[in-house]
Amino acid sequence: MDLGSMGFLKVLLVAVYALDPYFSHAETAPNYSFVHESTTAPPVSYHDYIVVGGGTAGCPLAATLSETANVLVLERGGSPYRNPGKTDKGNFLLTLLDPSPDSYAQIFITEDGVYNHRARILGGGTVFNAGFYSHAETEFVKESGLDEALVNDAYQWVENKVVFKAPLLQWQTAVRDGLLEAGVLPYNGFTNEHINGTKIGSTIFDMNDHRHSAADLLEYADPKNIIVYLHATVTKILFTTQTVGSRPRAIGVIYEDAMGEKHTAYLTNDSKSEIIVSAGAIGSSQLLMLSGIGPRSQLEPLGIKVVIDQPMVGRGMADNTLNGVFIPSPNPVELSLLSTVGISLLVNYIEAGSGLNLAPSFGWISKFLLSILDQTTIGSFFDTRLNGGIILQKVARPLSTGHLKLRSTDPNETPKVRFNYFQEPEDLRNCVQGMKTIINVVNSQAFSKFRYRTISTQQLLNVVAALPLNQRPRHFDTASSLEQFCNDTVMTFWHHHGGCQVGKVVDEDYKVIGVDGLRVIDASTFSFTPGTNPQATVMMLGRAMGVRIQKDRLS
């Protein structure tokens, strides 16, 4: 892929959903004695639990299990602590745009023509996301089957380590007041709860502008009972069948280190030992298929031995859409990242950010915007810093779903992913409603100090319509029709979910249906993304399920 052609898209993704880095001065990084490069791993090892993926769910899960059992974590990426300042506020864009083989975010393009990223770093998406922290709605918790007291305890366990109250500065205050003026009521003040109306949430950035992540939750781990291998790519889950016709049981995994050497990790000879896949919505489905659990019609042509013909693996893939507008400001703006949110019940969520630091190489954007807006007074809108901001909206619960299909048997190659954005008319209607709310916020009296009176909201839509935000075609009415605008300028909110859904691929205990000794615990099990931003709930799920599994083992 030509990274140059993705330049602005990636700037936007950064400014948009990734509008999230919040720190410039790194704290002392944890010195984990149990984190090692996989090149140091023995050829064969034995463990009570093998967690595939040291991400948003995998880190809290592994830390919890290590309290009473021996745990191995296999993470395909590196450590965020080797360069602890890399994810601070001033370096956010450079982190997301990093094209190196060991970057924190692996770039891919969906079959829908939308640019996207997969995490490959200890801590997962929490290492480069927008940082906003908010609980799931009550309905999600009820549908998850988790005990409410356990959920609350798990949230608190996470918050004690990595969560901070988000600052409310001038831009966010204007957005808040604009939302209220636009009718997104009531005002709920500061809260982590998911409540209809406008609120201020939390963040995983501390007051020194340093990012915290799920990797920090490994501080809870018992260092005697856990080992984490980095750059360890699991290629296959191993199964055995005790007798003809009996259920297959997961017994271990094969993984490759950074030098391409193969290692095998087995479960101990204990009926309660398990392999737990927490590789994300894309990675978990991919690994199940590579291991023989998936649609026979896909696996056999690739030479993969079918363990279970499971057609629902990789189905129900969904992604919350993102659309929005840039607003150049006549007045200076601070760097702010997703503090205020407007929640419209099960329809859409409105969020905003401002003052994003930009890489020096993006000076061409200033001239581009000037040519579109014909406003010489805003020549400094894009320089090395965004003198203005963005207001964006997320469709809350997309009904449109797609699928994931393997390209090859190479675990490093991202599968074909199609989300079928806006296939369902209701999703498009919700996007249009969200865009109308954004336009009302931009036109509100509360937001007037950050608006050029000579630039109309239609001109702002024209700018977004002209930018290479994705690889989808543009139409003559892209900017004049909000329906077409949503379709043509759609981006990802990086809230992928589905592929291993509860009731279809895993049961209510997140055990893979049809086999023993194997669970999936991450957003791939979700039927819808929980609330405004899912990271709080995914971390909570890792902790809560770790407690449940631990209790079951000790019973």
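Given a cut-off of under 8 Å on Cα pairs at least six residues apart, what relative contact order in percent is computed for the chain?
After rounding, I find 23 percent.
Sort ASP509, ASP222 from largest to smallest accessible area, using a 1.4 Å probe on the heavy atoms of the protein chains.
ASP509, ASP222
Note the angle between two axes, namely the Cα long axis of helix 280-290 and the longest principal axis of the Cα atoms of the chain, as a number of degrees from 0 to 90, rounded to the nearest 10.
That helix lies at roughly 40 degrees to the long axis.
Express the Stokes-Einstein translational diffusion coefficient of the range 457-504 in µm² s⁻¹, to the nearest whole number, given a Kirkwood radius over alpha-carbon pairs, 25 °C and a viscosity of 0.890 mPa s.
For these conditions, the coefficient is 199 µm²/s.
From the residues PRO101, GLN535, THR40, which one has its Cα farthest along the dipole of the chain in the positive direction, the dipole being from +1 and -1 charges on Cβ of Lys/Arg and Asp/Glu about the Cα centre?
Towards the positive end, the residue furthest out is PRO101.
Taking R0 as 56 Å, what's the FRET efficiency between ASN188 and THR240 from their Cβ-Cβ distance, rounded to 0.05?
0.60
May I ask which residue of GLY280, PRO295, LEU335 lies farthest towards the positive end of the charge dipole of the chain, with charges of +1 (Lys, Arg) and -1 (Asp, Glu) on Cβ and the Cα centre as origin?
PRO295
What does the charge dipole of the range 116-175 about its Cα centre add up to, to the nearest 20 debye, if the Cβ of each Lys and Arg holds +1 and the Cβ of each Asp and Glu holds -1?
Roughly 480 debye, rounded to the nearest 20.
I need the phi-derived Karplus couplings for the range 459-469: 6.51 cos²θ - 1.76 cosθ + 1.60, θ = phi - 60°, integer Hz, Gly and Pro marked x.
Once rounded to whole Hz, the list reads 5, 5, 5, 4, 4, 4, 5, 8, 8, x, 7.
Given DSSP loops and a limit of at most 16 other Cβ atoms within 10 Å, what is the longest stretch of the chain that contains no such GluC sites (Glu not before Pro)?
414-507
Counting only protein heavy atoms, what percent of the accessible surface of the range 100-154 is carbon or sulfur at a 1.4 Å probe?
Of the solvent-accessible surface of the range 100-154, carbon and sulfur hold 47 percent.
Amide H neighbours of VAL51 under 5 Å, counting only residues 5+ apart in sequence or on other chains, H built in-plane at 1.01 Å?
HN-HN under 5 Å from VAL51: LEU72, VAL73, LEU74, ILE276.
Counting only protein heavy atoms, what percent of the accessible surface of the range 439-547 is carbon or sulfur at a 1.4 Å probe?
Ligands and nucleic acids excluded, carbon and sulfur give 48 percent.
Can you spot the lysines whose alpha carbon is less than 30 Å from LYS262's alpha carbon? Ignore those fewer than 8 places along the same chain.
Candidates past the 8-residue exclusion: LYS224, LYS236, LYS272, LYS305, LYS405, LYS416, LYS511.
Applying 1/(1 + (r/R0)^6) with R0 = 30 Å to the Cβ-Cβ distance of SER480 and LEU94, what FRET efficiency is obtained, to the nearest 0.05?
With R0 = 30 Å, the Cβ-Cβ based efficiency is 0.25.
Using θ = phi - 60° and the Karplus relation 6.51 cos²θ - 1.76 cosθ + 1.60, list the HN-Hα couplings for the range 488-501 in order, rounded to whole Hz, with x at every Gly or Pro.
Result, rounded to whole Hz: 7, 10, 4, 10, 8, 9, 6, 9, 4, 7, x, x, 9, 5.
Ignoring ligands and nucleic acids, what accessible area does THR95 show with a 1.4 Å probe (Å², nearest 10)?
10 Å²
Round to a whole number: what % of the accessible area of the range 224-316 belongs to carbon and sulfur, probe 1.4 Å?
That share works out to 51 percent.
Enter the angle in degrees (range 0 to 90, nearest 10) between the Cα long axis of helix 364-373 and the first principal axis of the Cα atoms of the chain, meaning the one along which they spread out most.
Compared with the principal axis, the helix lies near 50 degrees.
Quick one: if you take sqrt(5λ) for each eigenvalue of the C-alpha gyration tensor of the range 420-535, what semi-axes come out, biggest first, whole angstrom?
The answer is 39, 17, 11 Å, longest axis first.
How much accessible surface does ARG407 have with a 1.4 Å probe, in Å² rounded to 10?
Its heavy atoms expose roughly 100 Å² to the probe.
Probe of 1.4 angstrom, ligands and nucleic acids ignored: what's the accessible area per residue over the chain, in square angstrom? Could the numbers behind the result be given before it?
Numbers: 19640 Å² over 555 residues.
So the chain comes to 35 Å² accessible per residue, rounded to a whole number.
Amide H neighbours of GLU111 under 5 Å, counting only residues 5+ apart in sequence or on other chains, H built in-plane at 1.01 Å?
Hits under the 5 Å cutoff: VAL417, ARG418, PHE419.
At a Förster radius of 22 Å, what calculated FRET efficiency corresponds to the Cβ-Cβ distance of LYS224 and ASP270, to the nearest 0.05?
Computed FRET efficiency for LYS224 and ASP270: 0.75.
How many angstrom lie between the C-alpha centres of the range 491-544 and the range 151-184?
About 24 Å separates the Cα centre of the range 491-544 from the one of the range 151-184.
Once the Cα atoms of helix 170-181 and of the chain are each reduced to a long axis, what angle between those two axes, in degrees from 0 to 90 to the nearest 10, is obtained?
Relative to the chain, helix 170-181 is tipped by roughly 80 degrees.
Largest first, how would LYS224, LYS416 line up by accessible area (1.4 Å probe)?
LYS224, LYS416
Using every alpha carbon pair in the range 390-431, what percent of pairs falls into each 5 Å bin from 0 up to the bin containing the largest distance?
5, 22, 18, 14, 14, 12, 10, 4, 0
Run the quick spin-label model on THR138 and LEU554: label points 7 Å from Cα toward the beta carbon, then report their separation in nm to one decimal.
Inter-label distance under the simple model: 3.1 nm.
The values are calculated or read from the model by the stated rules, or taken from the named source; none is laboratory data. Only a predicted model underlies this, so the values are computations on that prediction, with no experimental measurement involved. FYI the Cβ positions are ideal-geometry reconstructions off the backbone, even for glycines, and counts take in every protein chain you see. For accessibility, only protein heavy atoms count, side chains too; no ligands or nucleic acids. Shrake-Rupley method; radii C 1.70, N 1.55, O 1.52, S 1.80 Å.
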